[in-house]
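Enquirer: Below is one structure. I have some questions about it.
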Ligand code: C2E
Ligand code: MG
Ligand code: MG
Ligand code: MG
């Protein structure tokens, strides 16, 4: 494998030696092996109460500790995993590992885990998740599943039923990267959504561009109208945070507060906030 990658890396066009199809197969096999070999690792990024309160959440973000290429970010392998279906065993591994670690944290902290489109389509999704919760002892009402707008855009009946079943178990449902999917808003009435996450692209210009501010504020108002939690992602400056507080956004996530970090570092981060109050993200509007 190392030799294969060395061959690929030599020369400017990285993968030029291999046909795309062969290359996809080889990379897929490598990723599937990595899942079994414990090469994947979950990092956790805090989501904080923008008003300065103790309420906390944490988002699980997968990384691949590749034997020769170093620590890979999801951008380097998620699309491939989604294309080949490897994202299904990968997603299960992430959920299990994240729940196992989060079961040791204070009760007050909820855990957000990203679900891919493929996972949401899985007919046994509900049973798989129930199994992982049983196995790890993690409480359903501390778990939030993040779906992207492309998933919720036009859900078929069975998908809606699966999401409702998860919601009935007490699990929260979050719409990630909100605003990027060209989605009609009607799904907010059909699906049991509990959280909206404002995409980073709307947060970036918030302190300088009145249009960006207006869009973010509209999303906050929408969330309020539907009694949903609202999280702004990608907050990098104090000024951006201030703008979001001003418009009534309740939660924030971004490098300004903390970067994603390995489990033990996150546990330490939480230890400094031991008196966090209990939130149940699954119950929207709280
Ligand atoms: P996402 O779910 O929207 O996660 C937020 C991304 O923004 C993360 O990138 C995070 O590290 C990054 N981020 C957070 N704060 C800031 C900031 O202040 N500035 C900037 N520039 N970036 C910030 P990451 O970890 O590279 O993940 C990228 C995407 O990969 C995620 O976007 C999510 O869609 C996907 N992903 C990550 N883990 C998983 C997983 O376990 N399963 C699935 N299906 N997708 C995952
Ligand atoms: Mg996410
Ligand atoms: Mg996001
Ligand atoms: Mg995003």
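Enquirer: Could you list, in sequence order, the residues of the range 126-150 that are part of a helix (DSSP H, G or I) and crowded, with 22+ Cβ neighbours inside 10 Å?
Expert: If we filter the range 126-150 for residues that are part of a helix (DSSP H, G or I), which is where we start, we get 126-136, 140-142, 149-150.
Residues satisfying the conditions are 129, 142.
Enquirer: Might you check whether a residue that is surrounded by 11 or more Cβ atoms within 10 Å (Cβ to Cβ), modelled with pLDDT under 95 and either within 23 Å of the chain's Cα centre (by Cα) or part of a strand (DSSP E or B) (or both) occurs anywhere in the range 4-23?
Expert: no
Enquirer: Taking the range 51-80, which residues are crowded, with 21+ Cβ neighbours inside 10 Å, under 19 Å from residue 254 (Cα atoms) and within 14 Å of ligand 1 (Cβ to nearest atom)?
Expert: Just the residues of the range 51-80 that are crowded, with 21+ Cβ neighbours inside 10 Å, to begin with: 55-60, 62, 64, 77.
Imposing the further condition that a residue be under 19 Å from residue 254 (Cα atoms) reduces the set to 55-60, 62.
Scanning the range 51-80 gives 57, 58, 59, 60, 62.
Enquirer: Scanning the range 172-193 for residues that are part of a loop (DSSP other than H, G, I, E, B) and within 16 Å of ligand 1 (Cβ to nearest atom), which turns out farthest from the chain's Cα centre (by Cα)? Show your work before the answer.
Expert: Initially, the range 172-193 is screened for residues part of a loop (DSSP other than H, G, I, E, B), giving 179-186, 191-193.
With within 16 Å of ligand 1 (Cβ to nearest atom) added as a condition, the list becomes 179-181, 183, 193.
Numbers: 179: 16, 180: 15, 181: 16, 183: 19, 193: 15 Å.
So the residue we want is 183.
Enquirer: Name the residues in the range 165-179 that are modelled with pLDDT of 90 or more, under 17 Å from residue 226 (Cα atoms) and surrounded by fewer than 20 Cβ atoms within 10 Å (Cβ to Cβ), would you?
Expert: Hit for the range 165-179 is 167, nothing else.
Enquirer: Within the range 180-220, take every residue that is surrounded by fewer than 17 Cβ atoms within 10 Å (Cβ to Cβ) and within 12 Å of ligand 3 (Cβ to nearest atom) and give me the one that is nearest to residue 236 (Cα to Cα).
Expert: That would be 200.
Enquirer: Give all pairs with beta carbons closer than 8 Å in which a residue from the range 64-79 that is at positive phi and modelled with pLDDT under 95 meets a residue that is in a strand (DSSP E or B) and surrounded by 13 or more Cβ atoms within 10 Å (Cβ to Cβ); count only pairs at least 6 apart in sequence or on separate chains.
Expert: none
Enquirer: In the range 39-63, what count of residues is obtained for those that are under 16 Å from the mean Cα position of the chain (by Cα) and at positive phi?
Expert: Summing the residues that are under 16 Å from the mean Cα position of the chain (by Cα) and at positive phi in the range 39-63 gives 0.
Enquirer: If you go through the range 112-148, how many residues are within 12 Å of ligand 2 (Cβ to nearest atom) and out of contact with any helix residue (DSSP H, G or I) (no Cβ under 6 Å at 6 or more places or on another chain)?
Expert: Number satisfying all stated conditions: 8.
Enquirer: Could you grab the pairs with beta carbons closer than 6 Å, sequence gap of 6+ or different chains, first residue in the range 131-148 and farther than 16 Å from residue 120 by Cα, second one surrounded by 18 or more Cβ atoms within 10 Å (Cβ to Cβ) and modelled with pLDDT under 95?
Expert: Within 6 Å, the pairs are 141/282; 142/110.
The values are calculated or read from the model by the stated rules, or taken from the named source; none is laboratory data. Predicted model only: the values in this text are computed from it and were never measured. In this analysis, Cβ positions are derived from the backbone assuming ideal geometry, glycine residues included, and neighbour counts consider all displayed protein chains.
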